[in-house]
Structure formats: structure tokens, C-alpha cells
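This report refers to the structure that appears directly beneath it.
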Amino acid sequence: MKGTVLLTGSTGLLGRGLEETTPAGWRILGLHQRSYAVASPKARHLVCDIRDKRSVDRLFARDAFDAVIHAAGIASVDYVENHYAESLESNIVGTLNISSACRRTGTHLIYVSTNAVFDGARPPYRETDPVRPVNKYGRLKAECEKLVSETLTSYAIVRPILMYGWNHVVGRPNTATWIYDKLLRGERIHMVDDVYENPLFNIQCGRALWAAVRKKPRGVIHLAGKDVVNRYQFALKVASVFRLDCKLVQAVGSSFFPDIAPRPKNTALSTRRMQKDLGVAPMALEEGLMHMKRTMKA
Ligand SMILES: NC(=O)c1ccc[n+]([C@@H]2O[C@H](COP(=O)([O-])OP(=O)(O)OC[C@H]3O[C@@H](n4cnc5c(N)ncnc54)[C@H](OP(=O)(O)O)[C@@H]3O)[C@@H](O)[C@H]2O)c1
């Protein structure tokens with residue numbers, strides 16, 4: 001056995017990507033919050049609410065970890081905007097409990113942040129660029145980054161951008177699966193054409209995180225794909241790869257959705273450090289979607 005990684009948020013999209021890419025000899029102990037059983041050959045999933053300090057401390061007293069990847073929390077931009085108190089507790093208190101336990105036990109922490117810490121005005125963003133969030137989710141994640149960097153010396157902050165891929169059955173839909181489901185049902189969809197990102201395949205995110213576990217580079221690292229696209233272009237790519245009807249996809253501006261949280265216009269991330277320090281090349285959107293098509297279950 002080479003080592004054990006404690007992963008918070010193991011039933012999420014990132015958790016699935018990490019699990020699928022587990023290198024030989026490594027083991028994941030995964031934490032999630034809701035009480036359902038997740039069966040998996042590659043990870044052991046436990047119910048543990050990271051807001052509960054005593055449960056977190058008990059876990060660290062029982063086991064030693066080679067690294068902790070902290071990805072749990074409320075990750076929906078619009079949910080955070082409308083449920084701020086709950087999100088504050090989940091993201092800030094949870095991060096405080098995990099960081100304190102890592103500090104006490106001398107465990108290396110990889111905190112999973114987001115591209116939403118940027119305002120979207122000056123892409124592509126490098127790790128050294130100042131953060132300037134435009135919504136509550138981005139502000140919360142920026143606060144968590146600060147908390148981690150002020151509590152620990154052995155840490156990395158990774159910032160994935162818009163992730164897509166197959167999820168655990170209990171997971172929430174992501175951009176690719178949502179578009180796929182709608183088009184498969186023959187439903188018309190409106191996709192914004194004025195918000196840009198370089199989407200990240202969750203399997204590629206998993207590979208980058210395993211490299212971060214093994215090599216333990218310090219500081220901030222951006223994780224992103226090769227192609228900078230808007231959501232309309234994303235939807236057309238899904239339609240083309242899965243051979244669905246692209247005429248169902250209609251381009252709209254952000255003002256079409258007046259009730260959602262503000263989004264930064266272009267948060268494309270530089271992948272230079274991901275390539276140099278983690279040895280992971282950015283993947284084209286079409287390649288990620290083709291991978292999804294090949295691994296699709298009935
Ligand atoms: N998805 C993206 O496009 C994206 C982009 C940039 C950054 N990120 C960041 O990447 C990380 C992972 O995102 P994701 O999309 O994989 O998340 P996700 O699919 O929404 O899953 C969230 C995970 O966190 C767990 N969780 C939530 N509150 C918890 C608590 N109090 N205690 C223990 N577990 C808790 C959930 O468990 P249950 O299943 O039990 O609820 C679930 O496993 C997040 O930090 C997010 O901010 C995501």
C-alpha cells in the first residue's frame with residue numbers, strides 16, 4: 001500500500017473523477033454528508049458532516065493520512081446566493097475544522113477552490129492574479145483560501161473550473177449531463193453565449209489531484225481544459241458528440257436569466273502551472289465528451 005488520502009466530498013463530481021483515476025496501491029477514505037450508502041470498489045465512503053468538529057477530530061485521531069483533499073461544501077453558485085447562512089457554515093466552518101485537524105496532525109492539505117474567485121475581466125487568469133469575486137459563492141471560496149493559507153504551511157489550493165463528466169448516481173447534474181438529458185428528451189434549451197470558461201473533464205481533474213498528492217507542490221494551482229468556450233458552444237459540442245439535435249439549442253445572453261447570481265464574464269484559467277508542476281496536459285472539450293460517450297452506461 002502506497003498511501004491513503006482522505007477526501008471530503010467524495011460523492012461529488014470531483015470525487016468520482018478522483019476515484020476513477022486512483023493509482024495502484026493508493027486508497028481513498030471518502031466523506032459525504034447525507035445518509036446513503038455508496039458502494040465502490042476503489043474507495044470507502046463514510047457519512048461524516050465536516051461541520052461537526054468532534055466527528056472530524058475523531059476521524060483524524062483514528063487514522064493517519066498521506067494527504068487530505070478537501071472538496072466538500074455547497075458548490076452551487078445559485079444555491080449559495082440564496083442560502084448564505086447555510087453555505088457559510090458548510091464552507092467556512094467545514095474548512096476550519098479540516099484545516100485545524102491537518103495543522104494538529106501535520107497532514108498536507110489540498111483545498112479545492114474555484115475559478116469563481118475572479119471577476120472575469122482579464123483572462124486568462126494566472127495563479128498570481130489578485131482575486132476579486134463577483135458573487136457570494138466566489139467570496140466564500142476566497143475566504144476559505146485565506147483561512148487555509150493562514151492556518152497551514154503544508155498546503156496547496158487548487159482551482160478547478162467548470163467541471164463535467166459522469167457523476168455518482170447520487171450526484172447533482174453538471175453542464176454536460178444536464179444538456180445531454182434535455183436533448184435526449186427532445187427539449188429546447190437556452191444557453192448563454194456571453195460567459196466563457198475552459199471546461200475541465202472530471203477524470204482529468206482526478207489525474208491532476210493525484211499528481212498533487214504525490215508531488216505535493218505548494219501554493220495555488222489552476223486546473224482547466226484546453227478550449228475556452230461559452231455554454232452555447234458547449235451545448236453544440238455535446239449535441240455533436242452524442243449525435244443529438246443541435247437545433248434544440250438556442251443562444252441567449254445572460255440577461256435572459258435575471259434571477260440567477262451574477263457570473264464573471266470570462267474566467268479562463270492559465271494551465272501553465274498544471275502542466276509544469278503536475279505534468280498534466282489540458283484536454284480538449286471534444287476529447288472529454290468522447291471519453292464520456294465511450295464509458296456511458298446503459
Ligand atoms: N463542479 C464544478 O464545476 C466546480 C468548479 C470549480 C470548483 N468546484 C469545487 O470543487 C469541489 C467539488 O465540487 P463538486 O462539483 O464535486 O461538488 P458536488 O458534486 O456538489 O458535491 C459536493 C460534495 O460535498 C459533500 N458535502 C457537502 N456538505 C458536506 C458536509 N457538511 N459534510 C460532508 N460532506 C459534505 C456532498 O455530500 P452529499 O452527497 O452527502 O451531499 C458531496 O459529496 C467544491 O469545493 C467546488 O466548490 C467545482
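A short reminder: the numbers here are calculations on the coordinates, not readings from a lab. Being a predicted model, the structure only gives us computed values, none of them experimental. Virtual Cβ from ideal backbone geometry, glycine too; neighbours counted across all protein chains shown.
Using amide H atoms built 1.01 Å from N in the peptide plane, name the residues 5+ places from Val252, or on other chains, whose amide H lies under 5 Å from its own.
Distant-sequence amide H within range of Val252: Met191, Val192, Asp193.
Which three extents, in whole angstrom, do the alpha-carbon atoms of region 120-192 cover along their principal axes, largest first?
50, 31, 21
Ordered by packing density, taken as the mean number of other Cβ atoms within 10 Å over each peptide's residues, highest first, how do 195-201, 177-183 rank?
Taking the mean over residues of other Cβ atoms within 10 Å, the ranking is 195-201, 177-183.
Any idea what the alpha-carbon Rg over 2.2 N^0.38 Å comes to for the chain?
0.96
Restricting to the chain, compute how many DSSP beta bridges are antiparallel as a %, nearest 5.
5 percent
Cα axis of helix 202-215 to longest principal axis of the chain: angle in degrees, 0 to 90, nearest 10?
Between the helix axis and the principal axis of the chain, the angle is about 30 degrees.
Across region 116-123, in residue order, what do the Karplus-derived ³J(HN,Hα) couplings come to in whole Hz, using 6.51 cos²θ - 1.76 cosθ + 1.60 with θ = phi - 60° and x for Gly and Pro?
Calculated HN-Hα couplings, in order: 5, 6, 9, 8, x, 8, 9, x Hz.
When only C-alpha pairs under 8 Å and at least 6 residues apart count, what is the relative contact order of the chain, in percent?
Relative CO of the chain lands at 20 percent.
So what is the relative contact order for region 129-217, in percent, with contacts set as C-alpha pairs under 8 Å and at least six apart?
Over region 129-217, the number comes to 28 percent.
Determine, for each peptide in 204-215, 84-95, the mean count of other beta carbons within 10 angstrom over its residues, then list the peptides with the highest first.
Most protected by this proxy first, the peptides run 204-215, 84-95.
Name the lysines eligible as straight-distance cross-link partners of Lys136: C-alpha to C-alpha under 25 Å, and not fewer than 8 places from it in the same chain.
Leaving aside lysines fewer than 8 places away in the same chain, those within reach of Lys136 are Lys53, Lys146, Lys265.
With the chain treated as a Gaussian network of Cα nodes joined by springs under 10 Å, which of Ile74, Ile221, Ile98 yields the largest mean-square fluctuation?
Ile74
Note down the net charge around Gly225, summing +1 for each Lys or Arg and -1 for each Asp or Glu among other residues with Cβ under 12 Å from its Cβ.
Taking every Cβ under 12 Å from that of Gly225, the sum is -2.
Count of lysine pairs in region 177-254 with Cα atoms under 27 Å apart, counting only pairs 8 or more residues apart in sequence or on different chains?
8
Starting at the first residue of region 185-197, write each ³J(HN,Hα) from the Karplus equation 6.51 cos²θ - 1.76 cosθ + 1.60 with θ = phi - 60°, in whole Hz, x for Gly and Pro.
In residue order, the calculated couplings are 7, x, 8, 6, 10, 9, 10, 6, 10, 10, 10, 10, 8 Hz.
Search the structure for amide H atoms under 5 Å from the amide H of Val280, placed 1.01 Å from N in the peptide plane, and list their residues when 5 or more places away or on another chain.
Hits under the 5 Å cutoff: Gln275.
Report, in degrees rounded to the nearest 10, the 0 to 90 angle that the Cα long axis of helix 94-105 makes with the longest principal axis of the chain.
40 degrees
Note the angle between two axes, namely the Cα long axis of helix 136-151 and the longest principal axis of the Cα atoms of the chain, as a number of degrees from 0 to 90, rounded to the nearest 10.
Rounded to the nearest ten degrees, it is 30.
Could you name the aspartates and glutamates in cross-link range of Lys276, using Cα to Cα under 19 Å and dropping any fewer than eight places away on the same chain?
Reachable aspartates and glutamates: Glu127, Asp129, Asp227.
Would you mind calculating the relative contact order of region 219-298 from Cα pairs under 8 angstrom and at least 6 residues apart, reporting the percent as a whole number?
In percent, rounded to a whole number, it is 48.
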